[in-house]
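Let me begin by handing over the structure; questions about it come next.
The values are calculated or read from the model by the stated rules, or taken from the named source; none is laboratory data. In this text, all values refer to a predicted model and were calculated from it rather than measured experimentally. Cβ: placed from backbone, ideal geometry, glycine included. Neighbour counts: every protein chain shown.
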Amino acid sequence: MPEPAAAPRRSPQGVPYSELRHIVNADGLHLFCRYWEPDGPPRALIFVAHGAGEHSGPYNDIVQRLKEQSVLVFSHDHVGHGQSEGERMNIKDFQIYVRDSLQHIDLMKSRHPELPVFILGHSMGGAISILTACERPTDFAGVVLIAPLVQMNPDSATPFKVFMAKVLNHMMPSLTLGSIDSRWVSRDKKQVEAYDNDELNYHGGMRVSFGVQLMGAVARIEKEIPSISWPFLLLHGDADRLCDIRGSMTMHQDSPSTDKKLKVYEGGYHALHQDLPEVAESVMKEVISWIAERLPASPQQPQGS
């Protein structure tokens, strides 16, 4: 008798991947992808790395504005996030996020080998972006970091708590700690409500093992900062309780890059691109102008057109 046909792989929401744009990573897991293509020929590629517990969807506003600059923006939901496969918000090695990002970037570069590549990362996606750019320091035209995870909050990651987390990671790696407090995502109540109601976001507790992976990523970044030479833009709110602004300040101060900028938003919360409307607008303008300054010149319009 013939073997029964394998059931189609489905997203965590039950949609067959044959109906979703996706890539398959080195571990055979399907990652849901989004592409925002400009109307005309693209002048650059921008990869967006989203934060912990969220997904690529909430970047639509900022991405639409980037698209108007004739850039092709692409993203995927990280393993264990959104519409991608994998255990929810858990990873055996943080490097998997970096590896998958490079795989997606290489795929898009193979289709557009002549275009410069930028990365835009928020929160944990900022940590992924930094480590991705560090692996290929000459490959990227610039990296935009919105409230990136560069160091653990010293108030919550005290030496004792770090020690206990490592002990618990050996004994009870799936023990859950507190969940992300959505009140600190944005000062805009509508954005907090949207975050809470988004079923693609992970609203459960963070596992000890995931916390240990984040600590490992931050330790790697600390070692890399003295050799970061690629261009970067840092945007951070000074009232951010989820990713410590001191990490961004350290990166800006200690990196030898000759093309670096830090802009601090007074009173700004974590998701600056979704903070109060005037802040979100300022962030969009800042990001767009910074990238535009580093884009190749537009092809000359033929005379008389």
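Name the single residue that is surrounded by the fewest Cβ atoms within 10 Å (Cβ to Cβ) among those in segment 102-124 being more than 20 Å from Ile291 (Cα to Cα) and among the polar types (S, T, N, Q).
Ser110
Just to be sure, is Ser248 of a type outside the set (A, V, I, L, M), assigned to a helix (DSSP H, G or I) and in contact with a helix residue (DSSP H, G or I) (Cβ under 6 Å, 6 or more places away or on another chain)?
On the way: of a type outside the set (A, V, I, L, M): yes; assigned to a helix (DSSP H, G or I): yes; in contact with a helix residue (DSSP H, G or I) (Cβ under 6 Å, 6 or more places away or on another chain): no.
For Ser248, the condition - of a type outside the set (A, V, I, L, M), assigned to a helix (DSSP H, G or I) and in contact with a helix residue (DSSP H, G or I) (Cβ under 6 Å, 6 or more places away or on another chain) - is not met.
Here's something else I'd like to know. What pairs can you find where one residue is in segment 34-53 and assigned to a loop (DSSP other than H, G, I, E, B) and surrounded by fewer than 23 Cβ atoms within 10 Å (Cβ to Cβ), the other is modelled with pLDDT under 95 and basic (Lys, Arg), and their Cβ atoms are less than 6 Å apart, with a gap of 6+ or different chains?
Sorted first by the residue in segment 34-53, then by its partner, the pairs are Pro38/Lys67.
Related question: Scan segment 75-89 and tell me whether some residue there is under 18 Å from Gly126 (Cβ atoms) and in a strand (DSSP E or B).
yes
Does segment 55-64 contain at least one residue that is within 26 Å of Gly142 (Cα to Cα), small (Gly, Ala, Ser), in a loop (DSSP other than H, G, I, E, B) and modelled with pLDDT of 95 or more? Before you say what the answer is, go through the steps one by one.
So the first thing to find is which residues in segment 55-64 are within 26 Å of Gly142 (Cα to Cα), and the list is 55-64.
Right, trim to small (Gly, Ala, Ser) and you get 56-57.
Remaining after also requiring in a loop (DSSP other than H, G, I, E, B): 56.
Adding the requirement that they be modelled with pLDDT of 95 or more leaves 56.
Yes: one or more hits.
For residues that are over 19 Å from the mean Cα position of the chain (by Cα) and not in a loop (DSSP other than H, G, I, E, B), scanning just segment 265-284, find the one that is surrounded by the most Cβ atoms within 10 Å (Cβ to Cβ).
Within segment 265-284, the match that is surrounded by the most Cβ atoms within 10 Å (Cβ to Cβ) is Val279.
Something else: Output the residue which, of all residues in segment 204-224 that are not small (Gly, Ala, Ser) and not in a helix (DSSP H, G or I), is surrounded by the most Cβ atoms within 10 Å (Cβ to Cβ).
Arg207
Are there any pairs, at least 6 apart or on different chains, whose C-beta atoms fall under 8 Å, with the first in segment 84-107 and on the phi > 0 side of the Ramachandran plot and the second surrounded by 16 or more Cβ atoms within 10 Å (Cβ to Cβ) and not in a loop (DSSP other than H, G, I, E, B), and if so, which?
Within 8 Å, the pairs are Met89/Arg207; Met89/Phe210.
Among the residues that make up segment 21-29, is at least one of them touching a strand residue (DSSP E or B) at 6+ places or on another chain (Cβ under 7 Å), under 16 Å from Phe118 (Cα atoms) and of a type in the set (Val, Ile, Thr)?
no
Can you pull out the residues in segment 185-203 that are over 21 Å from Asp240 (Cα atoms) and either at pLDDT below 95 or part of a loop (DSSP other than H, G, I, E, B) (or both)? If you could, list the steps in order and put the result at the bottom.
Step one: list which residues in segment 185-203 are over 21 Å from Asp240 (Cα atoms), which gives 197-200.
If the condition is that a residue be over 21 Å from Asp240 (Cα atoms) and either at pLDDT below 95 or part of a loop (DSSP other than H, G, I, E, B) (or both), then Asp198, Glu199, Leu200 are the ones that fit.
With the structure loaded, tell me whether Ile245 is buried (at least 19 other Cβ atoms within 10 Å of the Cβ), modelled with pLDDT of 95 or more and hydrophobic (A, V, I, L, M, F, W, C) or whether it fails that test.
Taking the combined requirement at face value, the residue satisfies it.
Could I ask something else about it? For segment 130-144, give me each residue that is in a helix (DSSP H, G or I) and closer than 19 Å to Glu293 by Cβ.
Passing the criteria: only Ala133.
So, one more: Could you check Gln213 against (1) over 24 Å from Ile119 (Cα atoms); (2) at pLDDT below 95; (3) polar (S, T, N, Q) and say which number it fails?
(1)
What pairs come up if the first residue lies in segment 214-233 and is more than 22 Å from Asp259 (Cα to Cα), the second is assigned to a helix (DSSP H, G or I) and at pLDDT 95 or above, and their beta carbons are under 6 Å apart, counting only those six or more places apart or on different chains?
Ala217/Ala127
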